[in-house]
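Heads up: the structure comes next, in structure tokens.
What follows is calculated from the coordinates using simple rules that are stated; it is not laboratory data. Just so you know, these numbers come straight off a predicted model, no measurement behind them. Note that each Cβ is placed from the backbone with ideal geometry, even for glycine, and that neighbours are counted across all protein chains shown.
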Amino acid sequence: MTTPLTLVVAERPDGTPVLAVSGEIDMSNAGALDDALTRSTGDGLLLVDLSAVDYLDSAGLTVLFSHSSRIRLVANPLLAPVLTISGLTEVTTVEGIASDGTATGSDDS
């Protein structure tokens, strides 16, 4: 059974390509993420928005690592520990995670 995953390709007003990902990324659908990243990267940097991702396993991390030179990530606080511990924050830019591995922007004050 494939876990629900939604992949939407868009573009920011400044022309930056964005792949918005929502749902769970695991071994049942990591191939779809890999395919979307391969098709979307082109020659420039791709912003991958993971803010609506609820779960990310090692298969998903493997895909992100394999594209790390061509992507920039936006993450939510739930993903901060796994992205930091895996070392992904060391090889690509991750918005939403401070250098100490904690989530940023979560304080509404």
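Details
- Backbone amide hydrogens, once placed in the peptide plane, bring THR93 within less than 5 Å of LEU73, excluding anything fewer than 5 places away on its chain.
- Between amide H atoms placed 1.01 Å from N, distances below 5 Å from LEU46 occur with ILE71, ARG72, all of them 5 or more places distant or on a separate chain.
- Placing +1 on the Cβ of every Lys and Arg and -1 on the Cβ of every Asp and Glu, with nothing else charged, gives the chain a dipole about its Cα centre of roughly 280 debye.
- 3J(HN,Hα) along the range 79-88: 8, 3, x, 5, 5, 6, 5, 5, x, 4 Hz, from the Karplus curve 6.51 cos²θ - 1.76 cosθ + 1.60 with θ = phi - 60°, whole Hz, x for Gly and Pro.
- Coordinate range along principal axes, alpha carbons of the range 32-76, Å, largest first: 29, 18, 16
- A simple packing score, the average count of other Cβ atoms within 10 Å per residue, orders the peptides 78-84, 51-57, 10-16 as 78-84, 51-57, 10-16, with the highest score first.
- Each residue, ALA10 and ASP43, gets one label point 7 Å from its Cα in the Cβ direction; the gap between the two is 2.6 nm.
- In the chain the Cα-Cα distances spread across 5 Å bins starting at 0 as 2, 13, 24, 26, 20, 11, 3, 1, 0 percent of all pairs.
- Convex hull (Cα only) mean projected area of the range 1-53, reported in nm² to one decimal: 3.6
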